[in-house]
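All remarks here apply to the structure that follows.
The values are calculated or read from the model by the stated rules, or taken from the named source; none is laboratory data. Source: prediction; values computed, not measured. All Cβ positions, even for glycine, are placed from backbone atoms using ideal geometry, and neighbour counts span all protein chains on display.
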Amino acid sequence: MSDLERAEPYGVLLYYKYASVPDLDELVSFYERSCNSLGLLGRVRLAAHGVNVTVGGKLSALEEHIDVVKSNALFEGTDFKLASCDQPLNDKVAKECGFTSLSIRVVEELVTFSSHPLVRSPDISFAGRHLSALEFHSVLQSAGKLLDEGSPTSSERLVLLDARNLYETRIGKFHTPGLETLDPQIRQYSDLHDWIDDNSERLQGKCILMYCTGGIRCEMASAYIKGKGSGFENVYQLYGGIQRYLEQFPDGGFFKGKNFVFDHRISVGSSNANVISTCLLCSCPFDDYSTRCRCASCRMLVLVCDSCRQVEGSIYTCELCQKHSKCGLSTPATENCKSEVLPREIKLSTLSSERQGFGASRKLRILCLHGFRQNASSFKGRTASLAKKLRNIAELVFVDAPHELCFIFQPPVIDGHSELSTEHRGPPPKEKCKKKFAWLVPPDFTAGSEADWKEADGPFDPLQYQQQTGGFDSSLAYLKSMYLQEGPFDGILGFSQGAAMAALVCAHKDKLKGEMNFRFAILCSGFTLNLAEFEHGSINCPSLHIFGRDHGRDRQIPNKASADLSEYFENGSRVVIQHDSGHIIPTRSPYIDEIKNFLQQFL
Ligand SMILES: [Zn+2]
Ligand SMILES: [Zn+2]
């Protein structure tokens, strides 16, 4: 990047809009066109009921994007939050905040309101009434005044509810003398609805003022609270969130500390923001999350000051995990939940994808690596039966491998001319794209060079899987970032080339400690690649090997290749299942019971 380009002001744009989207495909194409042509990076989430966008780029490009979006009637009344700021501090920050690429995804929900499969998202039309920053401020002000005048009747009924996560509220929150701010102390937004359920007595009959960073989390949560019916009518939300409030009150107003943001700015303070939080280890005043220190158990961001960070090999445990290990709670204890410990634990065991539950009721989270020329969604489809049969003990999480192989789609015929080049045609509708990925690629592979690969129509080369020996380092770096974003995981499952990759990760397990922790590996139809420097029996990781019998029906990976891979793993903790089901993961009995038996030891 030239100095001139660097000098051009850079910015971050955030906006969301709940509206019924008539044509989702068209909206995907619209965002692909607009963001790509303007060089915007970041996250775009699209759903049938709206959009949620966080993008960064040149300020002028962001302004242009706003103009185009505004011209679409769908976005009428949208609150665009545009801020000029510096470019990401470093690559790590940029990567964690999703500012190294453009990710446009169609999702079920704009924000995950609950990870519980039986909890339906609230009807957004129930959302609490919006209060502008000025209105919000004056309510807080008059609550304080009433208190001063000794007439607490109405202020007693008023509660402030912070809808954000614990690590956010630690560095900044609203504070009005005499008025209670409820801080649910949750690790993630999807835990909020449980907190609301557990605390509904505290909320009933109250006038609830809610706030979050930019407003979107309050939309859902306020609708959920109002949906509880009688006694929950008076729910208000700060329109535009803390961000708009701080713009209106540059000195901070009733907001103390800094506003945590999910882009690379990390946090935004008022002109006189105090440091209201402390270092996890030494308790000195500290509120800088830019070093991205995380709890080793639950991966939540923690505050560790510069000098404490110098201590090598430190493993951090967040305050919630510390509390958990002290009193055996499975969830953060809030002031009034002491009597609710038991029901809460029982409830946890019924959650299907509880990410941060602990104790015996927790499910195993397994990171699943697909085979060569597959992708996360195709592998998820192929293993649906396995996921279903393991649903009580494990959650399977699927990711695309980082090396993209090809991009197959049917070129649409436009005006009878099919020769129009791609740039004239624009990107094809989403469902016609089928990207295929690999963990390991031929050593001379360069990204994009295979863009026009087609399925080989010659005879299948039975040894071709052995030719992809390159690309491990970048795949490993990618998996580390997956751990940061989606982790923690208890184990890794790999299929075919994914198993070859997983085995290599196992071989480096000791070196990866702290960055990628896992307790077991499941290798299905695996084979060895790049393991020459290791000895048989030297990989110290409990392993389950599932592959086709000799003379069985797996014609892609011969029995001997998978058996050879299993030999590299320590004998005492190695389990082998041989089947005659072909190039798949068998889920009928007795195989499924053997798989469950293996997993049981890690629960
Ligand atoms: Zn410290
Ligand atoms: Zn933790």
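Checking Leu110 against (1) outside any loop (DSSP other than H, G, I, E, B); (2) modelled with pLDDT of 85 or more; (3) among the hydrophobic types (A, V, I, L, M, F, W, C), which single condition isn't satisfied?
All conditions pass for Leu110, except number (1).
Name every residue in segment 472-499 that is polar (S, T, N, Q) and either under 17 Å from the mean Cα position of the chain (by Cα) or on the phi < 0 side of the Ramachandran plot (or both), in order of residue number.
Answer for segment 472-499, where residues must be polar (S, T, N, Q) and either under 17 Å from the mean Cα position of the chain (by Cα) or on the phi < 0 side of the Ramachandran plot (or both): Ser474, Ser475, Ser481, Gln485, Gln497.
Just to be sure I understand the filter: pairs with C-beta atoms under 9 Å, separated by 6 or more residues or on different chains, first member in segment 274-291 and within 11 Å of ligand 1 (Cβ to nearest atom), second member in a loop (DSSP other than H, G, I, E, B) and not hydrophobic (A, V, I, L, M, F, W, C). Which pairs pass?
Thr278/Asp287; Leu280/Tyr316; Leu280/Thr317; Leu281/Ser314; Leu281/Tyr316; Pro285/Asn274; Pro285/Ser277; Phe286/Ser277
Kindly establish whether Gly514 is surrounded by fewer than 21 Cβ atoms within 10 Å (Cβ to Cβ) and farther than 19 Å from Leu390 by Cα.
Yes: the conditions hold for Gly514.
What are the residues in segment 523-542 that are touching a residue at least 12 places away in the same chain (Cβ under 8 Å), within 21 Å of Leu440 (Cα to Cα) and either assigned to a strand (DSSP E or B) or of a type in the set (Gly, Ala, Ser) (or both), if any?
Leu523, Cys524, Ser525, Gly526, Ile539, listed by residue number.
Name, by its number, the condition in (1) surrounded by fewer than 20 Cβ atoms within 10 Å (Cβ to Cβ); (2) more than 16 Å from ligand 2 (Cβ to nearest atom) that does not hold for Ala296.
(2)
Take Val304 and decide whether it is outside any loop (DSSP other than H, G, I, E, B) and either buried (at least 18 other Cβ atoms within 10 Å of the Cβ) or at pLDDT below 85 (or both).
no
Within segment 584-595, how many residues turn out to be loosely packed, with under 14 Cβ neighbours inside 10 Å and in a loop (DSSP other than H, G, I, E, B)?
Selection size over segment 584-595: 3.
Based on this model, can you work out whether Cys212 counts as buried (at least 21 other Cβ atoms within 10 Å of the Cβ) and within 16 Å of ligand 2 (Cβ to nearest atom)?
no
Could you look through segment 547-583, keep only residues that are without any contact (Cβ under 8 Å) to a residue 12 or more places away in the chain and in a helix (DSSP H, G or I), and pick out the one that is surrounded by the most Cβ atoms within 10 Å (Cβ to Cβ)?
Lys560
Within segment 302-313, take every residue that is more than 10 Å from ligand 2 (Cβ to nearest atom) and under 25 Å from the mean Cα position of the chain (by Cα) and give me the one that is nearest to Tyr189 (Cα to Cα).
Of everything passing the filter in segment 302-313, Leu303 is nearest to Tyr189 (Cα to Cα).
Just to be sure I understand, how many residues within segment 6-61 are of a type in the set (Lys, Arg) and not in a helix (DSSP H, G or I)?
4
Based on this model, can you work out whether Val304 counts as among the hydrophobic types (A, V, I, L, M, F, W, C), more than 15 Å from ligand 1 (Cβ to nearest atom) and in contact (Cβ under 8 Å) with a residue 24 or more places away in the chain?
no
Looking at (1) of a type outside the set (S, T, N, Q); (2) part of a loop (DSSP other than H, G, I, E, B); (3) surrounded by fewer than 21 Cβ atoms within 10 Å (Cβ to Cβ); (4) more than 11 Å from ligand 1 (Cβ to nearest atom), find the lone condition where Asp263 falls short.
Single failed check for Asp263: (3).
Does segment 221-241 contain any residue that is of a type outside the set (Asp, Glu) and under 20 Å from the mean Cα position of the chain (by Cα)?
Within segment 221-241, one or more residues are of a type outside the set (Asp, Glu) and under 20 Å from the mean Cα position of the chain (by Cα).
Out of segment 280-293, which residues are of a type outside the set (Gly, Ala, Ser), within 25 Å of Gln188 (Cβ to Cβ) and either more than 16 Å from ligand 2 (Cβ to nearest atom) or not in a loop (DSSP other than H, G, I, E, B) (or both)?
Result: Phe286, Asp287, Asp288, Thr291.
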